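Novice: Take this structure first; my questions come after.
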Amino acid sequence: MTNSYTAKQKAYLKQIGRNIRKFRKEKGIYQEELAFKANLDRSYIGGVERGERNVSALNIKKVAEALKISPKELI
C-alpha cells in the first residue's frame, strides 16, 4: 500500500476488505471463484481483502454482484 494514505484511509480500506472476506467465506467460495465471477484477477481480490488496494466503486459493484449482495453491504 502506498504511504500516501492516512491511517483513517488505510483503516477504511481494511474494513472493506474484511467485509468482502466475510461475505465470501459465508458463501463458501474461494478468492479464485470470486475473482472469476467478478471478472477480476485473483491477486487483486487478495490485495483488496488485505486492505492493500484502493478498490474502485465499479469493482465494489462487480464484487457485490458476484456475492449476490448490495454494494452498500461491503462499505
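All of the numbers you see were taken from the coordinates with simple rules; none came from a lab. Keep in mind the model is a prediction, meaning the values are calculated, not measured. Positions of Cβ are generated from backbone atoms using ideal geometry, with glycine treated the same way; all protein chains shown enter the neighbour counts.
Novice: Does a label point 7 Å from the Cα of Asn54, set along Cα-to-beta-carbon, have any residues of region 6-32 with amide nitrogen under 20 Å, and which are they?
Specialist: What the label zone holds, given the 20 Å backbone N cut-off, is 6-20.
Novice: Which entries in Lys27/Lys68; Lys14/Lys72; Lys10/Lys37; Lys22/Lys68; Lys37/Lys68 show an alpha-carbon gap greater than 21 Å? Please list the in-between numbers first.
Specialist: Values: Lys27/Lys68 10 Å; Lys14/Lys72 15 Å; Lys10/Lys37 26 Å; Lys22/Lys68 13 Å; Lys37/Lys68 10 Å.
Listed pairs above 21 Å: Lys10/Lys37.
Novice: Add +1 for every Lys or Arg and -1 for every Asp or Glu among the other residues with Cβ under 12 Å from the Cβ of Asp41, and state the total. Walk me through the numbers before you get to the answer.
Specialist: Details: positive: Arg42, Arg53, Lys62; negative: Glu32.
It works out to a net charge of +2.
Novice: With each run of n ≥ 4 DSSP H residues scored as -39500 (n - 2.57), what mean residue ellipticity at 222 nm is computed for the chain after dividing by its residue count and rounding to the nearest 500 deg cm²/dmol?
Specialist: Per the formula, -19500 deg cm²/dmol.
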